[in-house]
Structure formats: structure tokens, C-alpha cells
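Okay, so here's the structure we're looking at.
Derivation of every value follows stated rules applied to the coordinates shown; laboratory data play no part. Predicted model only: the values in this text are computed from it and were never measured. Please note: Cβ atoms are built from the backbone with ideal geometry, for glycine as well, and neighbour counts cover all protein chains shown.
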């Protein structure tokens, strides 16, 4: 019985903390508010991929063309270079513009967090990172 009480308390605290995380997302300042936004991808190794900015926070009402540029020589996006997961139609127009440029259109009708994969290769190995887009 004692363990069940502790489990219940953990669930209540966990639920409360997840509510705070959602409220905090609304307070994060937008770093994407125009007609287009660009994020830069750099790669030191498969374990050291960085997207700047991360998260990409899209201002309420903005409907940008979102672009990612790969800035590290010797690396390129795979054909599925930027893959926005479970987006429910919130994004369209996916296009690999070149080995170092990828784009999506953001409709920004449904506020929320959208995980995406960055898929890159140096010709010998394929690497992945999973950053976030936040639509306000």
C-alpha cells in the first residue's frame, strides 16, 4: 500500500510539472516572425550536430517559409534532410533545394511543439538530430 501512495504522488507532481512546461512555451520569445526564417546546421561529428536556433519559435500569425542551411563543408542533407514528424498538415512544400539547403512552408494554424529530424551525411555515414519547432 505504501508504494501505491508514493506512485500516486509521483503522478500528480509529474502532471503538474508538465502543465508548467506548456505554460512556459507561450512565454518563449519568437525567433521567427517574418515571411521567411533560416536555421543554420553545423556538424562536427554525428554526436555533435547543432541547429541554430533551437528551438525555432514561430510567432503567432506568422506563416513563414522555413529554410535550413548546412554550413559545414563535406556534409550534405540526405533526400529526407529535414523531416517534420507528426505535423498533421501544419507544414507543406517540403523541398531539398540543394545538398546544403532544405525548406518547408509553415501554415502555423495549430500552436504546439513539432519535433523534426535533421538528416545529414558525409558520404560515409548518415547522422540524425531531433530539434523542435514551436508554433505560438
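Structure notes:
- Ordered by the count of other Cβ atoms within 10 Å of each Cβ, fewest first, 97, 90 give 97, 90.
- Each label point was placed 7 Å from the Cα along the Cα-to-Cβ direction; for residue 27 and residue 46 their separation is 3.9 nm.
- Gained length - residue 95 relative to residue 126, 0.36 nm times residue gap less alpha-carbon distance: 9.3 nm
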